[in-house]
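Novice: Here's a structure for you.
The values are calculated or read from the model by the stated rules, or taken from the named source; none is laboratory data. Here the structure is a predicted model, which means the values were calculated and not measured. Glycine gets a Cβ as well: all are built from the backbone with ideal geometry, and neighbour counts include every protein chain shown. Areas reflect the complete protein model, heavy atoms only, side chains present, ligands, DNA and RNA absent. Shrake-Rupley method; radii C 1.70, N 1.55, O 1.52, S 1.80 Å.
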Amino acid sequence: MTPLNPLIQRRTFLLAGGALMLGACSKSSDSSSSATTNSVAANTSVATEGYNTLWIPPTLTGTTFDLSVATTTKQLHDGAATPTIGYNGAEFWGPTLIMQKGASVQLNVTNKLDEETTTHWHGFHIPAEMDGGPHQTIAAGATWSPSFEVKNNAATFWYHPHMHEKTWTQMNQGAGGFIIVQDDTEAALALPRTYGVDDIPLMLTSRTFSSSNEFVLTTVTPYGDEMLTNGTLKAEVGLPAQMVRFRILNAEIERVYDLGFSDNRTFHVIGTDGGLLNAPVPVTTLIIAPGERYEIVVDLTADAVGASLTMQAFNGGHPFGFPGGEDAASGEVFGSSLNNTTFDVLHINVIAAISGAVTALPTELVANTLWTAADATSKRTIAITDTGPGSPFTFDDAGYSMDTINQTVTLDTVEQWSINNGKIFSHSFHMHDVQFSIVSRSTGEVAEYEKGWKDTFSIFIGESVSFVAKFDDFASTEHPFMYHCHMANHEDEGLMGQFLVVPA
Ligand SMILES: [Cu+2]
């Protein structure tokens, strides 16, 4: 076969199509959890014809969080239920963990899968051995019990498997969940924060279904044909006519979203991966890559009760290299019926405002002092590489090895890392341990909405992106942190490295 698209040459995976882990449908429900479980009543119990009510994950609050990951099923299409993975009995995805900054938390993750997994606390500033990366494997049937202090600022984080060479397959089945960190600074601001009412977690991904309703996982394409918003097909939500906050996570395997609304209305970005922005940033569209989170507020105060609007992905017309911008249609190499087009992410029905509604946004939020290039006392450059047709993407010509330390950082150093992407596709770069500030993009200005604490960013073809971080608190000569592409297929094939933060 002579691929028309050179990108296929990068695909070296051995995975065949079809769904994985068709084990027993073991819905778990832990009664021993000392966290409080709350289910969330949706605003609309009956969806409009043609839509399904958006699933809002239940919440767990407290300081001890018991999670149990298991195979299960979800009825997504008529006919057979789709084999999936969920935490704590969820049919796809898992509960939202709500933590307080400064709290000491205990997590107990029980693996009820029939294979190893890990659970990574994406974005958390914690010791490497608590991080849930590829080294913290949880054997089938075992429980892993990390504990740590929540040092991060109020923001939206998430947990997901990080099992080397299994991340793609386990995430494809739906394994993951949100973490919301709260703190006093955020709590003092007049922002929407009633979970599931005016503060909506939105997890974006897409899947293709086999004729027997299994998720297709294939090396032919990483892009799904059907949009799943919080694991709901054709999702719809009722939202009150007031300021409404969304905590948006791109949980895709590879697709990037160019998000906006059907009427092209202006909305405000209020938070990045690791915290609130200094002030709301007005935009009409927002680029969000796999692993990234943005918090936005949309103003529905002038929308009539009964009106509707749609959050959409404006993924048509981007230059080559925009992941999901390929022309290929469903079933083709790099194909998807959602490629290079505008598609619906969430249908919104406007309902009556609730009493005490937030109807105006604060003009200022927090006072971040972000690291600048001038703060960096040490610099390093990492290249995204490959060895030609058929080879996987790598960093600096070396595939990932559990036994290789690729970078060593001295504790308390402020470093600038520059990632050079000279190769033929775009990526989403994520680094564990720290929140950083993006200080330059070779392709133009850093977007205003990116000027906050970040742990993940898009890096397009030919681009060099530099960021600055301080590596404080957690020195170890033994336990490494990861940096990697958050496109799970690229990560699994070896676009990942390890760094140690060693004592000064
Ligand atoms: Cu990548």
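Novice: With the structure loaded, tell me whether Ala376 is open to solvent by 70 Å² or more (accessible area, probe 1.4 Å) and either under 30 Å from Met163 (Cβ atoms) or aliphatic (A, V, I, L, M) (or both) or whether it fails that test.
Specialist: When the stated conditions are applied, Ala376 does not pass them.
Novice: When residues of the range 459-497 are filtered for being touching a helix residue (DSSP H, G or I) at 6+ places or on another chain (Cβ under 9 Å), within 12 Å of the ligand (Cβ to nearest atom) and either open to solvent by 10 Å² or more (accessible area, probe 1.4 Å) or over 25 Å from Glu254 (Cα atoms) (or both), how many remain?
Specialist: 2
Novice: Here's another thing I want to ask about it. Given the conditions (1) farther than 20 Å from Met171 by Cβ; (2) buried (at least 18 other Cβ atoms within 10 Å of the Cβ); (3) out of contact with any helix residue (DSSP H, G or I) (no Cβ under 9 Å at 6 or more places or on another chain), report the number of the one that Phe429 does not fulfil.
Specialist: Going through the list (1) farther than 20 Å from Met171 by Cβ; (2) buried (at least 18 other Cβ atoms within 10 Å of the Cβ); (3) out of contact with any helix residue (DSSP H, G or I) (no Cβ under 9 Å at 6 or more places or on another chain), Phe429 breaks only (1).
Novice: Select from the range 305-318 the residues that are in contact (Cβ under 8 Å) with a residue 24 or more places away in the chain and open to solvent by 60 Å² or more (accessible area, probe 1.4 Å) and list them in ascending order. Talk me through it step by step, then tell me what you get.
Specialist: Going residue by residue through the range 305-318, those that are in contact (Cβ under 8 Å) with a residue 24 or more places away in the chain are 305-316, 318.
Val305, Gly306, Ser308, listed by residue number.
Novice: Looking only at the range 25-66, which residues are closer than 16 Å to Lys234 by Cα and modelled with pLDDT of 80 or more?
Specialist: Passing the criteria: Ala47, Thr48, Glu49, Gly50, Tyr51, Asn52, Thr53, Leu54, Trp55, Ile56.
Novice: I would also like to ask the following. Taking the conditions exactly as written (crowded, with 22+ Cβ neighbours inside 10 Å, at pLDDT 95 or above and touching a Ser or Thr at 6+ places or on another chain (Cβ under 9 Å)), does Ile287 satisfy them or not? Walk me through it before giving the result.
Specialist: Numbers: crowded, with 22+ Cβ neighbours inside 10 Å: no; at pLDDT 95 or above: yes; touching a Ser or Thr at 6+ places or on another chain (Cβ under 9 Å): yes.
So Ile287 fails the test.
Novice: If Thr143 satisfies every condition in (1) open to solvent by 30 Å² or more (accessible area, probe 1.4 Å); (2) in contact with a helix residue (DSSP H, G or I) (Cβ under 9 Å, 6 or more places away or on another chain); (3) not charged (D, E, K, R) but one, which is the exception?
Specialist: Condition (2) is where Thr143 drops out.
Novice: Does Val350 meet the test of being crowded, with 16+ Cβ neighbours inside 10 Å and in contact with a helix residue (DSSP H, G or I) (Cβ under 6 Å, 6 or more places away or on another chain)?
Specialist: no
Novice: From the set of residues in the range 396-433 that are in contact with a His (Cβ under 8 Å, 6 or more places away or on another chain) and among the aromatic types (Phe, Trp, Tyr), which is farthest from the ligand (Cβ to nearest atom)?
Specialist: Filtering first and then ranking leaves Tyr400.
Novice: While we're looking at this one, here's another question. Within the set of pairs 6 or more residues apart or between chains, which connect a residue that is closer than 30 Å to Ser391 by Cβ inside the range 216-243 to a residue that is part of a strand (DSSP E or B) and of a type in the set (Lys, Arg) with Cβ atoms less than 7 Å apart?
Specialist: Sorted first by the residue in the range 216-243, then by its partner, the pairs are Gly224/Arg207.
Novice: Something else about it: With of a type in the set (Asp, Glu), out of contact with any Leu (no Cβ under 7 Å at 6 or more places or on another chain) and open to solvent by less than 10 Å² (accessible area, probe 1.4 Å) as the only criterion, which of Glu326, Glu292, Glu332 stands out?
Specialist: Glu292 is the lone residue from the list that is of a type in the set (Asp, Glu), out of contact with any Leu (no Cβ under 7 Å at 6 or more places or on another chain) and open to solvent by less than 10 Å² (accessible area, probe 1.4 Å).
Novice: Can you pull out the residues in the range 327-360 that are among the charged types (D, E, K, R) and at pLDDT below 95?
Specialist: Asp327, Glu332
Novice: A further question on this structure: Checking the conditions here, which among Leu300, Leu286 is touching a residue at least 12 places away in the same chain (Cβ under 8 Å) and within 19 Å of the chain's Cα centre (by Cα)?
Specialist: Among Leu300, Leu286, only Leu286 is touching a residue at least 12 places away in the same chain (Cβ under 8 Å) and within 19 Å of the chain's Cα centre (by Cα).
Novice: Still on this structure, I have one more. Kindly indicate whether any position in the range 162-185 is hydroxyl-bearing (Ser, Thr, Tyr) and assigned to a loop (DSSP other than H, G, I, E, B).
Specialist: Checked against the condition, which is being hydroxyl-bearing (Ser, Thr, Tyr) and assigned to a loop (DSSP other than H, G, I, E, B), the range 162-185 yields no hits at all.
Novice: Name the residues in the range 364-387 that are away from the ligand (no atom under 16 Å from the Cβ), in a loop (DSSP other than H, G, I, E, B) and touching a residue at least 40 places away in the same chain (Cβ under 8 Å), would you?
Specialist: Glu364, Leu365, Val366, Ala367, Asn368, Leu370, Trp371, Thr372, Ala376, listed by residue number.
Novice: Would you pick out the residues in the range 422-458 that are more than 19 Å from Leu286 (Cβ to Cβ) and at pLDDT below 95?
Specialist: Gly422, Lys423, Ile424, Phe425
Novice: Follow-up question, since we're still on this one. Which of the residues that make up the range 231-279 are among the polar types (S, T, N, Q) and part of a strand (DSSP E or B)?
Specialist: Thr232, Asn250, Thr272, Asn278
Novice: What is the one condition in (1) among the β-branched types (Val, Ile, Thr); (2) open to solvent by 20 Å² or more (accessible area, probe 1.4 Å); (3) touching a Pro at 6+ places or on another chain (Cβ under 9 Å) that Thr342 does not satisfy?
Specialist: (3)
Novice: Quick one: which strands (runs of 3 or more DSSP E) sit completely within the range 42-151 and have at least 2 residues that are over 22 Å from Ile248 (Cα atoms)?
Specialist: In the range 42-151, the matching strands (runs of 3 or more DSSP E) lie at 64-74, 82-87, 104-111, 147-149.
Novice: When you go through Leu67, Leu54, Leu97, Leu113 one by one, which is the residue that is farther than 15 Å from Ala175 by Cα, in contact (Cβ under 8 Å) with a residue 24 or more places away in the chain and aliphatic (A, V, I, L, M)?
Specialist: Residue meeting the stated conditions: Leu54.
Novice: Further, regarding this structure: I'm told Leu500 meets every condition in (1) open to solvent by less than 20 Å² (accessible area, probe 1.4 Å); (2) touching a Ser or Thr at 6+ places or on another chain (Cβ under 7 Å); (3) within 16 Å of the ligand (Cβ to nearest atom) except one. Can you identify the failing condition by its number?
Specialist: Condition not satisfied by Leu500: (3).
Novice: So Ile461 passes all but one of these: (1) modelled with pLDDT of 95 or more; (2) in contact with a Phe, Trp or Tyr (Cβ under 7 Å, 6 or more places away or on another chain); (3) of a type outside the set (D, E, K, R); (4) farther than 13 Å from Met431 by Cα. Which condition number does it fail?
Specialist: Condition not satisfied by Ile461: (1).
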